[in-house]
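Worksheet: one structure, shown below.
The values are calculated or read from the model by the stated rules, or taken from the named source; none is laboratory data. Every value quoted in this text rests on a predicted model; they were computed, and no experiment measured them. For neighbour counting, all protein chains shown are included, and Cβ atoms are generated from backbone atoms with ideal geometry for every residue, glycine included.
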Amino acid sequence: MPLPVNDQEWPPPHLKREMRLYREWGAWYAGDPDELADVYGSTGMMHGIGLDPKGWDRPSKGFTGWIQRAARWFWGAPVPLGQVRSTKLHVPIAGDISATSADLLFSEPPTLRIAGKKSQARLDRVMRDAGIYGSLLEAAEIGSAYGGAYLRAGWDTEMYDHPVMSVLPPDAAVPEFRYGRLSAVTFWRVLAEDGDRQVWRHLERHEKGRVLHGLYLGTPDRLGHQVPLADHPETEIYADEVDEDGGFDSRFPRGLLVSYIPNMRPHRLIRGTSLGRSDYQGVEHLMDALDEVWTSFMRDFRIGKGRVIVPDIFLDSLGRGQGAAWDPDREIYAGLGMLPPPGAQANSMLTITQFAIRVKEHVDGGKALAAQILRGAGYSAQSFGESDGSGQQITATEVHARERKSFSTRGRKTGYWNPTLQWTPDVLLSIDREVFGRKVSADKVEVHWPDGVQPDPEALGRTVELFNRAQAMSVETKIRTVHPEWDDDQVREETHRLRDELGLNVPDPDRLDDVLVPSAAGDE
C-alpha cells in the first residue's frame with residue numbers, strides 16, 4: 001500500500017480515540033501542571049475534549065455540560081476569579097511508575113544468545129556500540145506510559161559502521177495489525193509549521209521488505225498534498241535513495257524493520273484492538289485525587305502562617321491619603337491615654353491568629369492513595385522504596401514475597417517483549433550483512449531473562465560451601481550456581497582455570513566422552 005496522496009484529515013479519523021488517550025497519558029507522564037490543566041479543560045473552553053474518558057462519545061450540551069464534566073476532575077476546575085496564581089500541586093507519581101517499570105525489566109538486561117561464536121561476538125559488539133540496551137530501557141518506559149512503543153532498526157553509513165536502533169512513541173504512528181502482529185506502520189513527524197496556515201510533515205511507511213518516504217505540505221488538521229522530498233532540508237537526504245515509487249529495499253526481507261511492543265493487553269477501553277494499555281489506565285482519577293490531597297496539604301501550610309491583628313491606633317500613618325503601616329519589630333510604644341477594660345492584660349488589644357496544619361491526616365491520605373495507585377498499576381509499594389518500617393535486612397526470598405505484585409507484572413511484560421528480543425539480533429545482523437558486508441547471521445535466538453533480584457553473595461557462598469562439604473555438588477554445578485547467566489563456553493573456561501590454578505582432579509570438559517563409566521556388570 002503506498003503513502004497517502006489525497007488531502008485527508010490527519011491524524012486519521014479512526015485514531016481519534018487513541019490520540020485522546022495518548023494525550024491524557026502523555027500529560028501525566030510529563031508531569032507538567034500546565035499540560036494537565038490544558039488536557040482536562042481548565043485553561044480554556046475546549047468543548048468535550050480530554051475531560052471524562054467515559055463521555056468522549058456522548059455530545060455535551062453547551063457550557064453547562066462542559067462545567068459538569070470539568071467538575072469531576074481536580075485538574076478540570078478553573079482557577080477561581082480573583083486568585084492571582086494557580087495553587088494546584090502535582091505529584092509526579094506517573095513518571096515514577098514508568099521509570100520503575102523500565103528498571104524492573106532492563107536495569108539488568110537479558111542475555112541474547114545465537115549460534116556461532118563469530119556471530120555472537122559481532123552481535124555483542126553491535127549491542128554495545130549502538131546502545132541497544134539503552135534503547136530497550138527507553139522503549140520500556142515509553143511503553144509503560146503510552147501503552148506501547150516502537151523499535152526501528154536502520155543504518156547511516158556516513159556516521160556509523162554498524163546498524164542503529166531508535167525508539168518511536170505510539171502517538172506518532174498509524175499501525176496496521178494482522179492477527180495481533182504488526183504488519184505495516186506509518187510514522188509521521190512535523191518538520192515545520194507556520195501558525196495555522198502551513199504544516200510540513202514527513203511520513204515514513206514500513207512494509208515487509210520496503211520503506212517509503214513522503215513529504216507533505218498541509219494544515220494543522222489536514223495532511224495536504226505530497227511534494228518532492230528535496231523541497232525540505234530534513235528530507236532531501238532521502239531524495240536520491242528512493243525509487244519512482246518513493247521507497248527503497250529494507251534489506252530485511254523476512255519482515256519489517258520495525259517492531260511494536262505492547263505494554264499490557266487487553267486494552268480495557270478499546271476492546272478488540274491490538275494496541276497495549278498504559279500502566280495509568282484506570283488510575284487517572286486516583287492520581288487526580290492525590291494531587292488534590294497534596295494541594296490541600298500545601299494550602300494548610302499557606303493559611304497556617306501566624307498572623308497578628310492590631311487595632312488602628314497601633315499603626316503609623318504614612319501621610320495623608322497613603323495609608324498606615326505597623327512594624328512588628330518595634331520595641332517601644334507610647335502609652336494610651338485611656339484606662340484598659342477591667343481584668344484586661346497588657347496585650348489584650350493584639351489578636352494572634354494561628355491555624356492548625358493537619359500534617360498526619362494529609363500524609364496518611366496521600367500514602368493510602370499512592371498505595372492504591374501503585375496497586376492499580378500492577379506494582380507493590382516496596383518497589384518504590386516504601387518499607388514496612390522494621391529496618392531489618394531481608395533476604396532475596398523475602399524481597400520476592402513482598403514485591404510479588406511487581407514481579408508478576410514484570411513476568412507478564414517479559415512475554416510481550418520476547419518476540420521483539422528475538423527479532424532484534426535477526427534484523428541487526430541482517431543489516432550488518434547486507435549493508436556493511438559482514439558475514440554474520442542470527443539463527444536460533446535464545447532470550448535469557450535475569451531473576452530480577454540478585455541473591456545475597458554471602459548467603460550464596462554459604463550454600464555452595466555446605467554442598468561442597470557434603471560432596472553433593474560438582475565443580476561445574478558450583479560455577480553455574482554462582483554465575484547462572486554464563487553460557488557453556490564461559491563455564492568450560494572457568495572449569496579449566498580452576499583445574500589449572502588449584503590442581504583439582506576435574507575431568508577435562510572437552511573430553512568428557514573419553515571418560516570411562518563402569519557398567520553394572522563390571523561393578524559386580
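Tally time: how many residues in segment 98-108 are in contact (Cβ under 8 Å) with a residue 60 or more places away in the chain and either under 16 Å from the mean Cα position of the chain (by Cα) or closer than 11 Å to residue 440 by Cα (or both)?
5
Looking at segment 240-263, which of its residues are modelled with pLDDT under 95 and aliphatic (A, V, I, L, M)?
242
If I filter segment 331-354 for residues that are part of a loop (DSSP other than H, G, I, E, B), modelled with pLDDT of 80 or more, farther than 16 Å from residue 97 by Cα and not basic (Lys, Arg), do I get at least one hit?
Taking every residue of segment 331-354 in turn, none turns out to be part of a loop (DSSP other than H, G, I, E, B), modelled with pLDDT of 80 or more, farther than 16 Å from residue 97 by Cα and not basic (Lys, Arg).
Does residue 165 satisfy the criteria of being surrounded by 15 or more Cβ atoms within 10 Å (Cβ to Cβ), among the aliphatic types (A, V, I, L, M), under 22 Å from the mean Cα position of the chain (by Cα) and part of a helix (DSSP H, G or I)?
no
Assuming residue 180 fulfils every condition listed in (1) within 19 Å of residue 263 (Cα to Cα); (2) at pLDDT 95 or above apart from one, which condition is it?
Residue 180 satisfies every listed condition except (2).
Among 250, 278, 296, which is the only one that is of a type in the set (Gly, Ala, Ser), surrounded by 15 or more Cβ atoms within 10 Å (Cβ to Cβ) and either touching a Lys or Arg at 6+ places or on another chain (Cβ under 8 Å) or on the phi > 0 side of the Ramachandran plot (or both)? Spell out how you get there, then give the answer.
Working: 278 fails: either touching a Lys or Arg at 6+ places or on another chain (Cβ under 8 Å) or on the phi > 0 side of the Ramachandran plot (or both); 296 fails: either touching a Lys or Arg at 6+ places or on another chain (Cβ under 8 Å) or on the phi > 0 side of the Ramachandran plot (or both).
It is 250.
Of the residues in segment 487-504, how many are in contact with a Lys or Arg (Cβ under 7 Å, 6 or more places away or on another chain) and not charged (D, E, K, R)?
Of the residues in that region, 1 qualify.
For residue 144, are the conditions met, namely being out of contact with any helix residue (DSSP H, G or I) (no Cβ under 9 Å at 6 or more places or on another chain) and surrounded by 20 or more Cβ atoms within 10 Å (Cβ to Cβ)? Spell out how you get there, then give the answer.
Numbers: out of contact with any helix residue (DSSP H, G or I) (no Cβ under 9 Å at 6 or more places or on another chain): no; surrounded by 20 or more Cβ atoms within 10 Å (Cβ to Cβ): yes.
So residue 144 fails the test.
Yes/no matrix, rows are residues, columns are (1) touching a Pro at 6+ places or on another chain (Cβ under 7 Å); (2) among the hydroxyl-bearing types (Ser, Thr, Tyr); (3) under 30 Å from residue 160 (Cα atoms); (4) touching a residue at least 24 places away in the same chain (Cβ under 8 Å):
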site	(1), (2), (3), (4)
413	no, no, no, yes
426	no, no, yes, yes
442	yes, no, yes, yes
447	yes, no, yes, yes
451	no, no, no, yes
458	no, no, no, no
461	no, no, no, no
483	no, no, no, no
495	yes, yes, no, no
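Residue under question is residue 218, and the condition is that it be in contact with a Ser or Thr (Cβ under 7 Å, 6 or more places away or on another chain) and more than 18 Å from residue 275 (Cα to Cα); does it hold?
no
Given the residues 523, 513, 500, 508, which is the only one that is at pLDDT below 85, surrounded by 11 or more Cβ atoms within 10 Å (Cβ to Cβ) and acidic (Asp, Glu)?
508
Starting from residues that are in contact (Cβ under 8 Å) with a residue 40 or more places away in the chain and in a strand (DSSP E or B), keep the ones in segment 169-180 and report whichever is farthest from the chain's Cα centre (by Cα).
Ranking the candidates gives 177 first.
Quick one: is residue 304 touching a residue at least 12 places away in the same chain (Cβ under 8 Å) and surrounded by 21 or more Cβ atoms within 10 Å (Cβ to Cβ)?
Against the criterion (touching a residue at least 12 places away in the same chain (Cβ under 8 Å) and surrounded by 21 or more Cβ atoms within 10 Å (Cβ to Cβ)), residue 304 does not qualify.
Table: residues versus (1) modelled with pLDDT of 90 or more; (2) in a helix (DSSP H, G or I); (3) under 19 Å from residue 356 (Cα atoms).
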{"position": "270", "(1), (2), (3)": "yes, no, no"}
{"position": "275", "(1), (2), (3)": "yes, no, no"}
{"position": "286", "(1), (2), (3)": "yes, yes, no"}
{"position": "294", "(1), (2), (3)": "yes, yes, yes"}
{"position": "299", "(1), (2), (3)": "no, yes, yes"}
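Checking the conditions here, which among 143, 95, 134 is in a helix (DSSP H, G or I), under 21 Å from the mean Cα position of the chain (by Cα) and either β-branched (Val, Ile, Thr) or farther than 27 Å from residue 369 by Cα (or both)?
None of the other options fit; the residue is 134.
May I ask you to say which residue of 223, 215 is crowded, with 17+ Cβ neighbours inside 10 Å, without any contact (Cβ under 8 Å) to a residue 40 or more places away in the chain, in a strand (DSSP E or B) and not β-branched (Val, Ile, Thr)? Walk me through how you get there before you give the answer.
Values: 223 fails: without any contact (Cβ under 8 Å) to a residue 40 or more places away in the chain.
Step by step, each of 223, 215 is checked, and only 215 is crowded, with 17+ Cβ neighbours inside 10 Å, without any contact (Cβ under 8 Å) to a residue 40 or more places away in the chain, in a strand (DSSP E or B) and not β-branched (Val, Ile, Thr).
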